[in-house]
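What follows is one structure encoded as structure tokens, with my remarks underneath.
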């Protein structure tokens, strides 16, 4: 009779119970990390919103300053030279189109203030970028912002609450 060879160590591998325990631990960790991932995504979109607002508002101010410096007030139609106008652009598109460059060597050229209109990251992606913002004209009161003959300020159309507890449309 031949003797069976006995190994000094048990067979390699994992038991079903060990695999289930590892899977349960990994599932618990994944469930704990998911809210953190969602918070990080929301924070990124809020940074994009703040940057877009900063960029548009800076371009609005630069447009008005340039129009005043060059003596180019604009009316609601975008025509230059109208007296008594606010100096703010008639639309967001006017920030991309720019103002006429008065320098003789720049005949026919324009001074742009934005390369493109940034979009509100919380708005419907099907909308064009200029339609993602709520506009306020210079003539509208601060407590009831309304669009009008020019663009004095922009706000987000999102009424969602940000991570800091304030609504996006109040930024």
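Nothing in this text is a laboratory measurement; each read-out follows from the coordinates by a stated rule. As the structure is a computational prediction, the values presented were derived from the model and not from experiment. We place every Cβ from the backbone using ideal geometry, glycine too, and count neighbours over all the protein chains shown.
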Angle in degrees between helix 16-69 and the longest Cα principal axis of the chain, rounded to the nearest 10: 10 degrees
For the chain: span of alpha carbons on each principal axis (Å, largest first): 115, 43, 25
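Between residue 144 and residue 33, what is 0.36 nm times their sequence separation minus the Cα-Cα distance? Round to one decimal in nm.
Additional length available on full extension: 35.8 nm.
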Point-to-point label distance, residue 70-residue 163, nm (Cα→Cβ direction, 7 Å offset): 4.0 nm
